[in-house]
Amino acid sequence: MTGPIMSTRMPETAAIPRRAWVEQIMGLPVSIHLRGAALGSSRVERQIAAVFADLRHADRVFSTYREDSDLSRWERGALPLADADPTLAVVMELCEQARLRTEGWFDARRLPDRRGDRLRYDPSGLVKGWAVKRAARHLTGLVETSWCINAGGDVLVYAPAGQPPWRVGIEDPANPARVLRIIARAGGAVATSGATHRGAHIIDPYAGRAATAVRAVTVVGPDLMWADVYATAAVARGPQALTWLADVDGYEALLVDRLGAVHSTPGWPG
């Protein structure tokens, strides 16, 4: 799970028409921001509704809180994988890819159950980024419109040529009311993981306990799902994760350690 990141307005965007929509889905606020013309058209409304519908469907399939989700029913043996929503098998395969890509530091197979003391299969660290990326396909037809989806801090943005980039503020984990860094992105993803809002909930899969050596990690890159996975794995791995992330093509990271010191990979933007 990632921590909040906020989109901020550049002065030159003040004259561009803007609209925003917000819904509570997957237990967190999901906002969609558009900049451009004809934002009140029925076409735009349909596309926004389709994004939210996709995310609500993902919640019905993958929620670890709902007893009637496909994930919960599969885990307790009430639903064969072959009869579940096809995306469940897709996400399980992606979780295995994530485990291998992160050298085991992202591992959905044995995580604490929020409802009790047992361990369970929990793909939540991948599902949110995957679901937002998948839902964003409904906005790709808005080629002359800038858009930003912010799902509880995982941010996916697009700005066409000729429009200014989105500015994304990264909060200070020691003081969430303060912005630690601001980066400009015309496209791609920004994802943050850490303990700021949910405490030390990310598990070191090798030690079997909460990871506490890092306060927060923000990862930027082209794909929101992988940015989120890498941020989560980096928190589990600790400060040494920056050396590993520096070799991950297309992704850069900002890390705040337990003492509040800020570190980044060599290619961090700004």
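Structure values in brief
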quantity: Yes/no for Thr243 being over 22 Å from Tyr121 (Cα atoms), polar (S, T, N, Q) and within 15 Å of the chain's Cα centre (by Cα); calculated: no
quantity: Test set (1) open to solvent by less than 50 Å² (accessible area, probe 1.4 Å); (2) within 19 Å of Thr232 (Cα to Cα); (3) modelled with pLDDT under 95; (4) polar (S, T, N, Q) - Gln163 fails condition number; calculated: (2)
quantity: Residue match in region 62-82 (condition: of a type outside the set (A, V, I, L, M, F, W, C), open to solvent by 20 Å² or more (accessible area, probe 1.4 Å) and on the phi > 0 side of the Ramachandran plot); calculated: yes
quantity: Residues (surrounded by fewer than 23 Cβ atoms within 10 Å (Cβ to Cβ) and farther than 16 Å from Leu255 by Cα) located in region 166-177; calculated: Arg167, Ala177
quantity: Lone unmet requirement of (1) closer than 21 Å to Arg110 by Cα; (2) at pLDDT below 90; (3) not polar (S, T, N, Q) for Val229; calculated: (2)
quantity: Within region 186-198, considering residues that are open to solvent by 20 Å² or more (accessible area, probe 1.4 Å) and under 17 Å from the mean Cα position of the chain (by Cα), the one modelled with the highest pLDDT; calculated: Gly187
quantity: Criterion: open to solvent by less than 20 Å² (accessible area, probe 1.4 Å), at negative phi and out of contact with any helix residue (DSSP H, G or I) (no Cβ under 7 Å at 6 or more places or on another chain) - qualifying residue of Ile202, Ile183, Ile149; calculated: Ile183
quantity: Residue selected from region 224-270 under the condition open to solvent by 30 Å² or more (accessible area, probe 1.4 Å) and acidic (Asp, Glu), by the criterion farthest from Ile203 (Cα to Cα); calculated: Asp249
quantity: Condition broken by Arg137, with the remaining ones in (1) assigned to a helix (DSSP H, G or I); (2) open to solvent by less than 30 Å² (accessible area, probe 1.4 Å) satisfied; calculated: (2)
quantity: Residues satisfying the stated conditions in region 88-126, i.e. among the β-branched types (Val, Ile, Thr), open to solvent by less than 10 Å² (accessible area, probe 1.4 Å) and part of a helix (DSSP H, G or I); calculated: Val91
quantity: Residues of region 43-52 classified as modelled with pLDDT of 95 or more and open to solvent by 40 Å² or more (accessible area, probe 1.4 Å), total; calculated: 3
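The values are calculated or read from the model by the stated rules, or taken from the named source; none is laboratory data. A quick note: this is a predicted structure, and the numbers were derived from the prediction, not measured. So basically every Cβ, Gly included, is an ideal-geometry build from the backbone, and we count neighbours across all protein chains shown. Surface areas here come from the heavy atoms of the whole protein model, side chains and all, with no ligands, DNA or RNA. Shrake-Rupley method; radii C 1.70, N 1.55, O 1.52, S 1.80 Å.
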